[in-house]
1. Of everything in the range 90-108, what is surrounded by fewer than 23 Cβ atoms within 10 Å (Cβ to Cβ) and either modelled with pLDDT under 95 or more than 14 Å from Ala188 (Cα to Cα) (or both)? Give them in sequence order.
2. Filter the range 504-529 down to residues that are more than 21 Å from the chain's Cα centre (by Cα) and under 18 Å from His474 (Cβ atoms), then give me how many there are.
3. Among the residues of the range 407-438, how many are modelled with pLDDT under 95 and in a strand (DSSP E or B)?
4. Asp165 - would you say it is touching a residue at least 12 places away in the same chain (Cβ under 8 Å), assigned to a loop (DSSP other than H, G, I, E, B), in the same structural domain as Arg218 (by TED's automatic domain parsing) and surrounded by 16 or more Cβ atoms within 10 Å (Cβ to Cβ)?
5. Of all residues in the range 225-263 being part of a loop (DSSP other than H, G, I, E, B) and polar (S, T, N, Q), which is nearest to Thr171 (Cα to Cα)?
6. Here are Ala518, Ala537, Ala511, Ala505: which of them is surrounded by 21 or more Cβ atoms within 10 Å (Cβ to Cβ) and touching a Pro at 6+ places or on another chain (Cβ under 9 Å)?
7. Consider Leu392 carefully, then state whether it is in the same structural domain as Arg546 (by TED's automatic domain parsing), among the hydrophobic types (A, V, I, L, M, F, W, C) and in contact (Cβ under 8 Å) with a residue 24 or more places away in the chain.
8. For Ser92, only one of the following conditions fails: (1) closer than 22 Å to Pro619 by Cα; (2) touching a Phe, Trp or Tyr at 6+ places or on another chain (Cβ under 9 Å); (3) hydroxyl-bearing (Ser, Thr, Tyr). What is its number?
Amino acid sequence: MALEAVAAGLRVLRRHLRYARREPAKLFWIARRVVEIVATGRLSAVLERHRAAGDASAEYKAWLETESTLVSSRRAALERELAYAPAKPCFSILMPVFAPRQEFLRAALDSVTAQSYAQWELCIVDDASTDRSHIDGLLALARDDPRVRVHTRAVNSGIAAATNDALALATGEFVLFLDQDDLLDKDALLHFAAVALHVPEVAMIFADEDRIGSSSKRGEPFFKPGLDAEWLLTTNCVLHPFVVRTAWLRSTGGMALGVDGAQDWELALRSSDQISADRIVHVPRVLYHWREHAGSTAAAIYEKPAVVDAQLRVMQAFHARRGERVSFTHHAGGWRIDRPLPQPAPRVCIVVPTRDRADLMRRCVDGLRTWTDYPNWECVVVDNGSREPAALTLLETLRADPAFNVVRDDGDFNYARLCNVGAAAAGGEILVLLNNDVEPLNPTWLTQLVVNVVRPEIGLAGAMLYYPNRTIQHAGVVLWLNGVADRPYIGLPRGYAGIDHRLAAVHSVSALVTACVAVRRMVYEEVGGMDVAFPVACNDLDLCLRVSEAGYRNIITPHAELFHRESASRGYDYGTRISSQAQRDEELFRERWNVRIPVDPFYNVNFTREGPAFRIRHPGS
């Protein structure tokens, strides 16, 4: 365990203890959390996450220094674009207020009045604060600026009800939500107006954010992916700033009542479910500063039962509307959706291309037989011209096993063709493409793939793969990282969640390595299977992108885990030019996809495209 990771963990612990001063309940939570991490064997992974967060903090400080030099030129460019716009949208900023700290409220108000874009109105609703010392200041602001409207409630009813009252005051085309102690970036509305100009049908906009301490020091950036409808099911990954069309919000009933503390997540889920993806835009700029102070949500490192209960009600209502019967498990990193296996369990055919290397194939077979609790599967082994006696003997024994079907293909190595041959020989509703150097780590791996891939919106469902030393080998693929694509998180310990906890949840990815993926047969056949024009490299990436282009979503689940001895039989890996054929495959992939998908939608453009994934890229580079 690296000393840097331990030091980072101690720094985080000290910060937690600082927030927990004079509150024994919070101290108890911290102690219980430490015991849980150690008992579940995740100490190394958690410390690595804190180390990565520390590195990101240092990178972000340098990023901010350079970013500040570019703000004026960007602002001028946006203002020139908007100068000739036939109409400029008005943004209604909704601000519920209750017992605010005066200095934080004043800073929040100043961040609105200082906006570089002038077409806004501020709709403030005080939710019957017992201390009314701030009211006179709000009323004075409204007298001085006609764009400010203030309403005071006689009865405290919670943040959602107060927000709905603010919505009733709104006359703008769009509404934006601002907490009483947070800050809008000076150019936030300018960026949103530019989106409305370029995407006239836009109905939902969100952007990146960071946190700001009471000392006004900015840190902890959240550079978000594009809308990840899968991750959003268990995590509010939209957060702030969040803009929606006023008419749409009113037509759907405004903010949901009875889920205070999770009302923004409920709205994000509702929006993503009812608004088509082409009308949702992510702006990869840090346009919102979430205030972190003792007692704020941003600093809420402790369990809050009321919020957890509200989140549960949000998820239950959302899935009930969809007619989905699921259950939920809450853990330290967030939520997990437990999906039932369809009854009867669909037939799964596992397709395993192989050649020689009986040692690898035997491990794979033994894993299927002893570490797979799924009740209805078969395996098609596609033998690509094995010659070694041990391999031939093993294949003969498999032919005698009714769970296995061995087909022979003596052609030149073409991974895409071998997978297609296996799929054609298979009889199941669901195909699982599996390398011969992969073996299960947990018995529920296949069940977890199946319960996800049977969903009609899902294309490919991938698994977490680990090296034999239990460090990460595959957790999805980032397009155009270090060439055509590369894998993030390589070499980090099992249980590593990423600094945003995304890796601990089922989430969307553009592409997967097909060393272990599930796909419905109808989807595989709809896109024509794997393209044999990619014999060695990029065949899996190409398949994933064609599946996405057909309207399906590719996901990876951390709940399906397997060991992968990483192409031990072929020696192939992204980023390593092992043959002239691999180079030709990469060139073809670029020709086919570089213009159609120039950036990975699930990888923020503020992250580097060279070196380790998720490092912050120098602005302007």
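The values are calculated or read from the model by the stated rules, or taken from the named source; none is laboratory data. Computed from a predicted model, the values in this text were never measured in an experiment. Here Cβ is always computed from backbone atoms with ideal geometry, including for glycine, and neighbour counts include all displayed protein chains.
1. Those that are surrounded by fewer than 23 Cβ atoms within 10 Å (Cβ to Cβ) and either modelled with pLDDT under 95 or more than 14 Å from Ala188 (Cα to Cα) (or both): Phe98, Ala99, Pro100, Arg101, Gln102, Glu103, Phe104, Leu105, Arg106, Ala107.
2. Filtering the range 504-529 down to residues more than 21 Å from the chain's Cα centre (by Cα) leaves 515, 520-529.
Among the residues that remain, those that are also under 18 Å from His474 (Cβ atoms) are: 515.
Count: 1.
3. Going through the range 407-438 one residue at a time, the tally reaches 0.
4. Values: touching a residue at least 12 places away in the same chain (Cβ under 8 Å): yes; assigned to a loop (DSSP other than H, G, I, E, B): no; in the same structural domain as Arg218 (by TED's automatic domain parsing): yes; surrounded by 16 or more Cβ atoms within 10 Å (Cβ to Cβ): yes.
No; evaluated as a whole, the condition is false for this residue.
5. Just the residues of the range 225-263 that are part of a loop (DSSP other than H, G, I, E, B), to begin with: 225-230, 234-241, 252-262.
Then keep just the ones that are polar (S, T, N, Q); that gives 234-236, 252.
Values: Thr234: 33, Thr235: 31, Asn236: 27, Thr252: 17 Å.
It comes out as Thr252.
6. Details: Ala518 fails: touching a Pro at 6+ places or on another chain (Cβ under 9 Å); Ala537 fails: touching a Pro at 6+ places or on another chain (Cβ under 9 Å); Ala511 fails: touching a Pro at 6+ places or on another chain (Cβ under 9 Å).
Within the list Ala518, Ala537, Ala511, Ala505, the selection yields Ala505.
7. Numbers: in the same structural domain as Arg546 (by TED's automatic domain parsing): yes; among the hydrophobic types (A, V, I, L, M, F, W, C): yes; in contact (Cβ under 8 Å) with a residue 24 or more places away in the chain: no.
Taking the combined requirement at face value, the residue does not satisfy it.
8. (1)
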